[in-house]
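K.L.:
To start, I am sharing the structure in question, which I have written as structure tokens.
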Amino acid sequence: MAFVVSGTRVRPGREPLLDLRLMRRPSFATLMLTSAVFTASAFAHLTYTMLWLQAGLGMSPVGAGLAAMPASAASLVVASVAGRWLDRLPARVPLGGGMALIGVGDLMLTAIGPDSGWQVLTPGLVVSGVGVGLAVPVLSSAALHAAPPERAGMATGAAVTFRQVGFALGVAVLGTVFAAGGHPGSPAAYAERL
């Protein structure tokens, strides 16, 4: 609320951090919402996945990080290889495709069961990583194109901010769901919550 109030009250001669009039542009507002949903769906669950790997399966922090590495590797490869061609497509194509793949990857991660090992994560993390690799290169450039040139820095800053807000909200929502059943006492209970 304070952000909205302060964003509407700017002293003459001063520039706001985010010109809220940009949100009147449907393409800009949609990109900001996409940025938030993208980060919430692609990364927020990793906080609780790391808890399961460490507390549920007894892995070390390094081991848990290595188990999650397929998402990063897939993202890096896809963004590096496809990044130069993604600008030739309308932003909705790689963003939509990336978001769809992230959703499919997230659904694949629900295969975790009481007797699962860390390997059950790999297929879902790879699919999600491919989606991230398609979406990330396009988000900033699409934000630049959705705002006037004199607001380019503001647009990219807003996209990054909305991504952080999406992550924070995603972790909070998943934390609420995860904590609803009390403290899990066993690896099976961790797996059941995920």
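K.L.:
So what are the ³J(HN,Hα) numbers for the range 116-126, from phi and the Karplus equation (6.51, -1.76, 1.60; θ = phi - 60°), rounded to whole Hz, Gly and Pro as x?
P.N.:
6, x, 4, 4, 5, 6, 3, x, x, 5, 5
K.L.:
Got the relative contact order for the range 5-164 handy, in percent, Cα pairs under 8 Å and 6 or more residues apart?
P.N.:
With pairs under 8 Å counted, the relative contact order is 32 percent.
K.L.:
Hey, with R₀ at 35 Å, roughly what FRET efficiency would Met69 and His145 work out to, going by the Cβ-Cβ distance, to 0.05?
P.N.:
Step by step, r from the Cβ atoms, then E = 0.60.
K.L.:
Given axes a ≥ b ≥ c from the Cα gyration tensor, I'd like to know whether the range 27-170 is rounded (a/c under 1.5), prolate (a/b larger than b/c) or oblate.
P.N.:
Because a/c hits 1.5 or more and a/b exceeds b/c, the range 27-170 counts as prolate.
K.L.:
Kindly write out, for the range 147-153 in residue order, the coupling ³J(HN,Hα) from the Karplus curve 6.51 cos²θ - 1.76 cosθ + 1.60 (θ = phi - 60°), rounded to whole Hz, with x marking Gly and Pro.
P.N.:
10, x, x, 6, 10, 4, x
K.L.:
Would the range 87-185 count as rounded, prolate or oblate if I go by the C-alpha gyration tensor, calling it rounded below 1.5 in a/c and otherwise prolate when a/b exceeds b/c, oblate otherwise?
P.N.:
Note, shape of the range 87-185 comes out oblate.
Readers should treat all values here as calculations from the given coordinates under stated rules, not as data from a laboratory. The shown structure was predicted, so the numbers you read here are calculated from the model rather than taken from an experiment. Cβ atoms come from the backbone with ideal geometry, glycine included; neighbour counts cover every protein chain shown.
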